[in-house]
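Below: the structure, in structure tokens.
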Amino acid sequence: MNRPEVFNAFNEAMIAELGQAMDQLTADPRVRLIVLAGAGKAFSAGADIQWMKRASEATQEVNLVDARRFAAMLHKIAACPKPTIARVQGLALGGGVGLTVACDIAVASSDAKFAVSEARFGILPSVIGPYVMNAVGPRQARRLALTASRIAAAEALAMGMVHEVVEAAELDAALARWIAELLANGPQAQGEIKQLFAQLEVGPVTAEVRELTAQTIARVRMGAEAREGFAAFLAKRPAAWVPPATNDKED
């Protein structure tokens, strides 16, 4: 995201561009993973207030089309078959939190601040709500939305909003470690993981869930990627999908 002058607040244009970027990167077989980052001092201050003002003066039909575009963009990030990482520095407010938790993994600098801030403007975190709730649980999600208070990176880590917090100077090094870990694993397997886990819920392991998981592993372990993974392990060599740079680090 490259609107540093407004702390990467997003409007109609940025939402469209993010959606287009996700489509292009998802379709490109050369792309193994996607990092979502913000230029400048902030990750994202959420919705551009001028965009929100325009929406408040528009019809319900126009607002619905607008909201659906935002919802579709977040879904493209969350449902992407490739791993996604949020690189968070500075502020992540409102929709910026939504972008953070829509990604599979989030790494933040220790000075980052987070807020589900919509209620301060008399609205609510509706489109981002399911992603926030999935990340931190319903009770924490309600607390964040009702109070709209800012929390520090350490608290965001404790509640599961982000996965690692490091000093600002170490953020890119931490990101590189996550990337290396992801690149060491089978890309098709990662896509299967995301597809399967999206169908699972916390709760009883029903007969339907057992059958889904059995059918999935039976199909996947017969594939070429699985055969290569088993062969590489037995031969004590890197698998074919591991980039040379990652191989060198492991050696």
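For N185, the amide hydrogen comes within under 5 Å of no other amide hydrogen, counting only partners 5 or more places away or on other chains and with H modelled in the peptide plane.
Protein-only accessible surface at a 1.4 angstrom probe places the residues K236, K76 in the order K236, K76, largest first. Listed by chain and number, the aspartates and glutamates whose C-alpha is less than 12 Å from the C-alpha of K82, apart from same-chain residues fewer than 8 away, are D23, D28, D104, E192.
Farthest toward the positive end of the dipole of the range 168-251, out of V242, A198, G223, is the Cα of G223, where the dipole comes from beta carbon charges about the Cα centre.
A 1.4 Å probe run over the chain, with the rest of the protein chains in place, finds 56 Å² accessible per residue. Helical content of the chain, expressed as a calculated mean residue ellipticity at 222 nm, amounts to -16000 deg cm²/dmol (DSSP H runs of 4 or more residues, -39,500 (n - 2.57) each, divided by residue number, nearest 500). Taking the 1.4 Å solvent-accessible surface of the range 107-241 as the whole, the part contributed by carbon and sulfur is 61%.
Treating the beta-carbon of each Lys and Arg as +1 and of each Asp and Glu as -1, no other charges, what is the dipole magnitude of the chain about its Cα centre, to the nearest 20 debye? Don't skip to the answer; put the middle values down first.
Numbers: 26 positive and 27 negative charges, 60 e Å.
Magnitude of the dipole: close to 280 debye.
Evaluating 6.51 cos²θ - 1.76 cosθ + 1.60 at θ = phi - 60° for every residue in the range 181-198, the Karplus couplings come out as 5, 5, 5, 6, 10, x, x, 5, 4, 5, x, 5, 4, 5, 5, 5, 5, 5 Hz, glycine and proline recorded as x. Taking amide hydrogens as placed 1.01 Å from N in the peptide plane, the amide H of L36 sits under 5 Å from those of I85, A86, R87, each at least 5 positions away in sequence or on another chain.
Annotation: amide H-H contacts under 5 Å for S110 (H modelled 1.01 Å from N, sequence separation of 5 or more, or interchain): V166, E167, A168.
Just round it to a whole percent: the fraction of Cα-Cα distances in the range 175-251 exceeding 19 Å.
Every Cα pair in the range 175-251 considered, those over 19 Å come to 48 percent.
The values are calculated or read from the model by the stated rules, or taken from the named source; none is laboratory data. If you're wondering where the values come from, they're calculated on a predicted model, not measured in any experiment. Note that we place each Cβ from the backbone using ideal geometry, even for glycine, and neighbour counts take in every protein chain shown. With ligands, DNA and RNA removed, areas are computed over all heavy atoms of the protein, side chains included. Shrake-Rupley method; radii C 1.70, N 1.55, O 1.52, S 1.80 Å.
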